[in-house]
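Chemist: Dumping the structure here so I can ask a few things about it.
The values are calculated or read from the model by the stated rules, or taken from the named source; none is laboratory data. Being a predicted model, the structure only gives us computed values, none of them experimental. Note that each Cβ is placed from the backbone with ideal geometry, even for glycine, and that neighbours are counted across all protein chains shown.
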Amino acid sequence: MCEDHSAPTRRAILHGGVVIAAAGAVGLPGRPLRRLPLRSSARAVTADGTNAYSMAMHIHSSFSEQNGSMDGQLYQAQLNAVDVCWWTDHDHRMDGIGYRDVTHFTSFSETGGPGQGGAWDWVKQKSGSNTSASGGGIVTNPCSPNDPVAGGSLHLAAQSSSTSPAKFG
């Protein structure tokens, strides 16, 4: 039996529809996804007035995966208009055996307790076109009520003055 190969098959039509839908969902080459500021009035709003955000809620960093970087993840998030990234790591190191299992953030230098390793020194680093709103440091509020050492949290904010990423850590 001979088939006429000049007419498209149902499978080819469905495949083409999937490709077009995927292109619409992720954007076309040379046409980046529309990025809106987090509090933009142009964002989708629910019936109760809250805004929608694009989130990547289970991302592995190099702590779990060994390769790649969090910078690479953030770069891809920016390219794909992802607003919020939540890193999730789990492997034997996350059990805390032989590693520090608590940080109080009461200063930029901290010595761990017995079996918690040596001193940690936090050093501020920034890159990109940070605005004056970028910054951070040790703050006393908010602070976890479960921390036995009261009054310590780390606050960081990075805001870019251009379309290029700003980093503050």
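Chemist: Can you find a residue that is in contact with a Gly (Cβ under 8 Å, 6 or more places away or on another chain), modelled with pLDDT under 85 and either aliphatic (A, V, I, L, M) or surrounded by 13 or more Cβ atoms within 10 Å (Cβ to Cβ) (or both) anywhere in segment 121-142?
Modeler: Looking through segment 121-142, none of the residues is in contact with a Gly (Cβ under 8 Å, 6 or more places away or on another chain), modelled with pLDDT under 85 and either aliphatic (A, V, I, L, M) or surrounded by 13 or more Cβ atoms within 10 Å (Cβ to Cβ) (or both).
Chemist: Suppose we filter segment 145-156 for residues that are within 22 Å of Phe168 (Cβ to Cβ) and not hydrophobic (A, V, I, L, M, F, W, C); how many remain?
Modeler: Total meeting the criteria: 3.
Chemist: Shifting gears a bit: Of Ala52, Ala23, Ala81, which residue is surrounded by 10 or more Cβ atoms within 10 Å (Cβ to Cβ) and at pLDDT below 60?
Modeler: Ala23
Chemist: Could you check Tyr75 against (1) modelled with pLDDT of 80 or more; (2) surrounded by 12 or more Cβ atoms within 10 Å (Cβ to Cβ); (3) not in a helix (DSSP H, G or I) and say which number it fails?
Modeler: It fails just one condition, (3).
Residues are listed down the side, and each one gets a yes or a no for (1) acidic (Asp, Glu); (2) closer than 20 Å to Asp83 by Cα; (3) outside any strand (DSSP E or B):
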site: Glu110; (1), (2), (3): yes, no, no
site: Trp120; (1), (2), (3): no, no, no
site: Lys124; (1), (2), (3): no, no, yes
site: Pro142; (1), (2), (3): no, no, yes
site: Pro145; (1), (2), (3): no, no, yes
site: Val149; (1), (2), (3): no, no, yes
site: His155; (1), (2), (3): no, yes, no
site: Ser164; (1), (2), (3): no, yes, yes
